[in-house]
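Student: This structure is in structure tokens; I'll ask about it shortly.
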Amino acid sequence: MPEIEVFTDGATWAEACAARLTETLSGAVAETGKAVFAGSGGSTPAPIYGLMAAADLDWSKVAVTLIDERYVPETSPDSNAALLKTTLLIGPAAAARFVPLYTPEVTVDRAAIVAAHALAAEGGRLDAVLLGMGEDGHICSMFPQSPTLKTLLTPTLAPTVLGLPHGRDGMAPSLERLSINLPYLMQARRVVLALTGKQKRAVFEREAAGDPTTQPIAALIAANVPLEVLWTETA
């Protein structure tokens with residue numbers, strides 16, 4: 001299991017997360033002339049995004065995308081794209097190019113194909129990734145007992161984006177979603193998992209020791225994803 005790096009307060013935790021991600025993006029730009037960042041939704045990343053947005057980085061050479069997205073337009077309060085645009089793609093970072101996962105296609109699966117092509121056009125590799133984790137142990141939109149989970153966690157597939165149906169009988173997710181798969185994380189330069197609170201630390205430790213075919217955190221570890229786990233009790 002990877003070491004859990006502990007930070008005594010939310011400010012130093014956010015600073016460490018932001019510094020590592022922007023350092024990797026800067027290195028990719030210096031090496032290849034471009035970089036790709038994939039971020040997560042939810043409330044946890046907001047302070048990290050705020051720090052990243054002000055970083056001394058040539059954002060005009062950075063493409064920004066999401067690790068997952070709900071199948072909703074940016075006008076919806078459930079849109080991760082809308083969150084990213086108001087917390088990260090501001091100030092200097094507004095110069096970055098946004099690559100959405102959602103497009104208003106006929107079906108979520110068709111939208112996933114469009115997103116997969118768009119990411120492939122950016123080079124098909126993510127340089128820096130910011131992950132969050134739900135209290136059920138899900139990352140991206142890799143939900144426990146989801147019918148698409150096995151495919152999302154198959155390490156031998158090509159990096160791609162998949163459409164996910166909404167859960168049945170009250171199971172997650174509540175809306176159709178789009179998600180990158182495990183191979184995208186396997187090929188990343190750096191993956192930062194940002195965790196807060198005692199409960200999520202306990203969930204991570206439990207999931208890390210689990211079955212990599214059914215538990216996403218265990219799958220990350222088994223697939224040797226370049227994972228760094230940064231935790232603070234209160235962000």
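The values are calculated or read from the model by the stated rules, or taken from the named source; none is laboratory data. None of the values given here were measured: they were computed from a predicted structure. Virtual Cβ from ideal backbone geometry, glycine too; neighbours counted across all protein chains shown. The accessibility values were calculated without ligands, DNA or RNA, using every heavy atom of the protein model including side chains. Shrake-Rupley method; radii C 1.70, N 1.55, O 1.52, S 1.80 Å.
Student: If the chain between Ala121 and Gln199 were fully stretched, how many nm would it gain, using 0.36 nm times the residue separation less the Cα-Cα distance? Please report the intermediate quantities before stating the final value.
Tutor: Working: separation 78, 0.36 × 78 = 28.08 nm, distance 3.89 nm.
Difference between extended and current length: 24.2 nm.
Student: Let me ask something else about it. Do you know the Lys pair count in the chain for C-alpha distances under 24 Å, with sequence separation 8 or more or different chains?
Tutor: Numbers: Lys34/Lys61; Lys34/Lys85; Lys61/Lys85; Lys150/Lys200.
So the count of such lysine pairs works out to 4.
Student: Give me the extension gain from Ala82 to Glu5: residue separation times 0.36 nm, minus the current Cα-Cα distance, reported in nm with one decimal.
Tutor: Roughly 24.7 nm would be gained on extension.
Student: With every protein chain present, what is the per residue accessible area of the chain (1.4 Å probe, Å²)?
Tutor: Details: 10070 Å² over 235 residues.
Solvent-accessible surface per residue comes out at 43 Å².
Student: When all protein chains stay in place, what accessible area (Å², nearest 10, 1.4 Å probe) is found for Arg206?
Tutor: Around 130 Å² of this residue is reachable by solvent.
Student: Hey, got a sec? Which trypsin sites (Lys or Arg not before Pro) in region 97-134 land in a DSSP loop and have at most 16 other Cβ atoms within 10 Å?
Tutor: Working: sites: Arg97, Arg110, Arg125; in loops: Arg125.
Of the trypsin sites (Lys or Arg not before Pro), the ones in loops of region 97-134 whose Cβ has at most 16 other Cβ atoms within 10 Å are Arg125.
Student: Report the charge-dipole magnitude of the chain in Debye, nearest 20, computed about the Cα centre from +1 at each Lys and Arg Cβ and -1 at each Asp and Glu Cβ. Please report the intermediate quantities before stating the final value.
Tutor: Values: 17 positive and 25 negative charges, 73 e Å.
Charge dipole of the chain: 360 debye, to the nearest 20.
Student: Hey, what did the chain get for relative contact order, percent, Cα under 8 Å, at least 6 apart?
Tutor: Relative CO of the chain lands at 25 percent.
Student: DSSP loop (so not H, G, I, E, B), at most 10 other Cβ within 10 Å: list which GluC sites (Glu not before Pro) in region 1-95 pass both filters. Before the final figure, lay out each step's value.
Tutor: Details: sites: Glu3, Glu5, Glu15, Glu23, Glu31, Glu69, Glu74; in loops: Glu3, Glu74.
Passing both the DSSP loop test and the Cβ count: Glu3.
Student: Now for a different question. Roughly speaking, to the nearest percent, how much of region 64-218's 1.4 Å accessible area is carbon and sulfur?
Tutor: C and S atoms contribute 54 percent here.
Student: Could I ask something else about it? Enter the accessible area of Val29 (Å², nearest 10), with the probe set to 1.4 Å and all protein chains included.
Tutor: 20 Å²
Student: Report, in order of residue number, the helices in the chain meeting two criteria: a C-alpha extent of 24 Å or more along the helix axis, and a mean Kyte-Doolittle hydropathy of at least 0.0; treat each whole DSSP H run as one helix. Mind dumping the intermediate values first?
Tutor: Working: long enough: 10-32 (33 Å, 0.29).
Flagged H segments are 10-32.
Student: Over the Cα atoms, compute the radius of gyration (one decimal) and Dmax (the largest Cα-Cα distance, rounded to a whole number) for the chain, in Å.
Tutor: According to the Cα coordinates of the chain, Rg and Dmax are 16.4, 49 Å.
Student: Can you pull out the trypsin sites (Lys or Arg not before Pro) in region 127-177 that DSSP calls coil and that have at most 14 other Cβ atoms within 10 Å?
Tutor: Numbers: sites: Lys150, Arg168, Arg177; in loops: Arg168.
In loop regions of region 127-177 (DSSP not H, G, I, E or B), the sparsely surrounded trypsin sites (Lys or Arg not before Pro) are Arg168.
Student: Shifting gears a bit: Percent relative contact order of region 1-136, based on C-alpha pairs within less than 8 angstrom and at least six residues apart?
Tutor: Values: 197 pairs, mean separation 38.6, N = 136.
Once divided by the residue count of region 1-136, the mean separation gives 28 percent.
Student: Quick one: check the C-alpha center-to-center distance for region 29-88 versus region 165-235, whole angstrom.
Tutor: Between the Cα centre of region 29-88 and that of region 165-235, the gap is 18 Å.
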